[in-house]
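Heads up: the structure comes next, in C-alpha cells.
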Amino acid sequence: AQRVTQPEKLLSVFKGAPVELKCNYSYSGSPELFWYVQYSRQRLQLLLRHISRESIKGFTADLNKGETSFHLKKPFAQEEDSAMYYCALPSEGGGNKLTFGTGTQLKVEL
Amino acid sequence: DAGITQSPRHKVTETGTPVTLRCHQTENHRYMYWYRQDPGHGLRLIHYSYGVKDTDKGEVSDGYSVSRSKTEDFLLTLESATSSQTSVYFCAISESWPPEAFFGQGTRLTVV
C-alpha cells in the first residue's frame with residue numbers, strides 16, 4: 001500500500017536560510033504528488049503539485065523516483081512561511097483519495 | 001477559494017451523545033471526504049463519497065457514519081461520541097484525477 005513519510009515533526013530555521021522539508025513515499029507505479037500548507041488555524045491549501053512543476057511562493061519540489069522522494073525546497077525562508085506542511089499522494093485502490101504524511105511544522109525565526 | 005463550508009466550526013459535546021457535522025459545497029464536485037487531523041498522525045481519512053448515496057470507508061471509520069443525499073452536502077455522524085474523537089475535522093472535495101483536494105475551514109470538536 002502507498003505510504004508517505006515526513007521524518008521531521010518540527011523544522012526550525014532562521015529567516016533568510018534555505019529550507020528543505022523532506023517527503024519520502026512508497027507507491028506502485030508513477031505517483032502524482034502534492035504539497036499542502038496550513039497556516040495557523042486555517043484550512044489546508046494546495047501549495048504545489050508535481051505535475052504542474054510550478055514554483056509557488058518561492059517553493060519548488062522535484063520528484064526523485066530513484067530515491068522515492070519529493071522534498072520541498074525554498075532558497076530563502078521568510079517569516080510568513082511558518083506553517084504546517086503536508087506531503088500527499090493518491091491512495092492506491094481507487095476512490096480518488098489522498099494519503100497524507102504526518103506533517104512538518106516549519107518555524108522561521110528572526 | 002473553493003466554495004466549501006463546514007458547520008459548526010466549534011462544538012463541545014458530552015461522551016455518549018450523537019454529533020453530526022455538515023459539509024456543504026457549491027462547486028458541484030463529485031468526490032467529498034471527511035478527514036480528522038491529530039498531532040503526530042497528520043490527516044487521516046474517515047469516509048469518502050464518490051457520488052450521491054455512494055460512500056465508502058477510509059482508514060479510521062470506526063464510530064463514524066456518513067450520508068450524502070445531495071451532491072452538495074456530506075454529513076459526518078459520530079454515533080456515540082468518545083473522548084478519542086476529540087479532533088479537528090476537515091471536509092474536502094475533488095473532481096478530477098489526480099485528486100487535487102480543496103478543504104473546508106475545519107470543525108474543532110471536543111468530547112468531554
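No lab work stands behind these numbers, since they all come straight from the coordinates. Keep in mind it's a predicted model, so treat the numbers as computed, not measured. Neighbour counts run over all protein chains shown; Cβ positions are idealised from the backbone, glycine included.
Okay, here's what the table says:
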| item | result |
| --- | --- |
| In the stretch A:3-109, lysine pairs closer than 21 Å at Cα, eight or more apart or cross-chain | 20 |
| About the Cα centre, charge dipole magnitude for the stretch A:3-109 (Lys/Arg +1, Asp/Glu -1 at Cβ), debye | 180 debye |
| Among B:Gln85, B:Ser7, B:Val112 - extreme Cα towards positive end, dipole of chain B, charges at beta-carbon | B:Val112 |
| GNM flexibility winner over chain B from B:Thr55, B:Thr26, B:Thr77 (Cα, springs under 10 Å) | B:Thr26 |
| Difference of contour (0.36 nm per residue) and Cα-Cα distance, A:Lys57 to A:Ala1 | 17.0 nm |
| Dipole magnitude (debye, nearest 20) for the stretch B:4-111, charges at Cβ of Lys, Arg, Asp, Glu | 220 debye |
| Neighbour-limited loop hits for trypsin sites (Lys or Arg not before Pro), the stretch A:64-110 (at most 12 other Cβ within 10 Å; DSSP other than H, G, I, E, B) | A:Lys65 |
| Extreme residue, positive dipole direction of the stretch A:3-109, given options A:Leu33, A:Ala61, A:Gln45 (C-beta unit charges) | A:Gln45 |
| Where labels lie 7 Å past Cα in the beta-carbon direction, separation of B:Thr110 and B:Thr71 in nm | 3.9 nm |
| Cα-centred dipole magnitude for the stretch B:56-110, charges only on beta-carbon of K, R (+1) and D, E (-1), debye, nearest 20 | 160 debye |
| 5 angstrom amide H check on B:Glu100, placed H, neighbours 5+ away | B:Glu95 |
| Alpha-carbon centroids, the stretch B:55-74 and the stretch A:46-110: separation in whole Å | 27 Å |
| Farthest toward positive dipole pole in the stretch B:4-111 [+1 Lys/Arg, -1 Asp/Glu at C-beta], among B:Gly63, B:Ser49, B:Ser96 | B:Gly63 |
| A:Asn64 paired with B:Glu27, simple spin-label distance in nm, labels 7 Å along Cα-to-beta-carbon | 3.2 nm |
